[in-house]
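S.K.: Can you keep this structure in mind? I'll have questions shortly.
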Amino acid sequence: MRKYLVAGNWKMHKTIKEAVSLAAALKQGLSDINQERVEILVCPSFTSLFAVHSILENSNIKLGGQNLFWEREGAFTGEVSPLQLLDCGCEYVILGHSERRKYFKEDDTTINKKIQIALEAGLFPIFCIGEVLEQRQASKTLEVINSQLEEGLKNITASSMEKIVIAYEPVWAIGTGLTATPEQAQEVHQFIRGWLKEKFSYEVSSSVRILYGGSVKPSNVSALMQKEDIDGTLVGGASLEANSFVEIVKGSL
Ligand code: PGA
């Protein structure tokens, strides 16, 4: 049985003070959650990671980064390495988010390098994939997903694959208030699981967690979580406020 994962992506929001206060509120609001069933993760900005880590130590909430660079160290001005994320207490890292693809021209080849170094360093990657609206309208969704999986996960072994989380985030649903219907999401999740089975094995396909992301809210989370192949959510806007994130975690169970 796959353990659910509910992850909050705080994007470029919050000062250190604000991030610490949100983390403290989440720690309190989520203290009675059954950790056997769900893993809870927050991904603050780099500048707040260490401060948030000290608040969340000894709690049931884990920490992740929103990006990393594909080298361990060196002359790469403005970048953050996997070792620096580990040093701040991160266990996970979001990679290939659609905003990174759109504004920073990341493609599946660079994302693949990032996935490889994250694994080498001991971080669990959350690999984001998803189609844009024109691709969905042209009935190209599964084709796009297939190519993102093929390129982004090139040269990944079965044992590494079990450490990777996949997040299906239709780009047209991110930050727009438009959520994919549970049926639309399930169709893609099922396709991803089938791809994993064909590429690796039944064991791999049944252990990898596939999250849905894109305008997840307290009001739509339980319908999404009813679907067989949806193992959790990656939440942006609704993770910035303690009550709504707490409700999303509770509504997932
Ligand atoms: P959203 O963002 O929940 O605000 O749509 C999701 C994401 O970008 O991961």
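S.K.: Output the number of the condition that SER215 fails; it satisfies all remaining conditions of (1) open to solvent by less than 30 Å² (accessible area, probe 1.4 Å); (2) on the phi < 0 side of the Ramachandran plot.
M.R.: (2)
S.K.: Can you tell me how many residues in the range 74-93 are within 16 Å of the ligand (Cβ to nearest atom) and not aliphatic (A, V, I, L, M)?
M.R.: 1
S.K.: Something else now. Would you mind stating whether ALA118 is away from the ligand (no atom under 16 Å from the Cβ) and buried (at least 20 other Cβ atoms within 10 Å of the Cβ)?
M.R.: Taking the combined requirement at face value, the residue satisfies it.
S.K.: Report every pair of residues separated by at least 6 positions or lying on different chains whose Cβ atoms are under 6 Å apart, first residue within the range 169-187 and under 17 Å from MET225 (Cα atoms), second of a type outside the set (Val, Ile, Thr) and open to solvent by 30 Å² or more (accessible area, probe 1.4 Å).
M.R.: Sorted first by the residue in the range 169-187, then by its partner, the pairs are PRO182/ALA223; PRO182/LYS227; GLN186/LYS227.
S.K.: Go through the range 94-109 and report how many residues are surrounded by fewer than 18 Cβ atoms within 10 Å (Cβ to Cβ), more than 14 Å from the ligand (Cβ to nearest atom) and not hydrophobic (A, V, I, L, M, F, W, C).
M.R.: The number of residues fulfilling the criteria is 3.
S.K.: Let me ask something else. Quick one: is GLU187 away from the ligand (no atom under 16 Å from the Cβ), under 23 Å from ALA158 (Cα atoms), open to solvent by 60 Å² or more (accessible area, probe 1.4 Å) and of a type in the set (Asp, Glu)?
M.R.: no
S.K.: To continue, here is another question. If a residue must be surrounded by 15 or more Cβ atoms within 10 Å (Cβ to Cβ) and either touching a helix residue (DSSP H, G or I) at 6+ places or on another chain (Cβ under 6 Å) or within 21 Å of LYS14 (Cα to Cα) (or both), how many such residues does the range 66-82 contain?
M.R.: The number of residues fulfilling the criteria is 6.
S.K.: Another question, then. In the range 145-181, which residues are surrounded by fewer than 19 Cβ atoms within 10 Å (Cβ to Cβ), away from the ligand (no atom under 16 Å from the Cβ) and at negative phi?
M.R.: ASN146, SER147, GLU150, GLU151, LYS154, THR157, ALA158, SER159, SER160, GLU162, LYS163
S.K.: Right, here's the next one. Conditions: (1) open to solvent by less than 10 Å² (accessible area, probe 1.4 Å); (2) away from the ligand (no atom under 15 Å from the Cβ); (3) in contact with a Ser or Thr (Cβ under 7 Å, 6 or more places away or on another chain); (4) not small (Gly, Ala, Ser). ILE192 meets all but one. Number of the miss?
M.R.: (3)
The values are calculated or read from the model by the stated rules, or taken from the named source; none is laboratory data. Predicted, not measured: the structure shown is a model, and the values here were computed from it. Ideal geometry is used to build each Cβ from the backbone, glycine not excepted, and the neighbour counts take in all protein chains shown. These area figures cover heavy atoms from the full protein model, side chains too; ligands, DNA and RNA do not enter into them. Shrake-Rupley method; radii C 1.70, N 1.55, O 1.52, S 1.80 Å.
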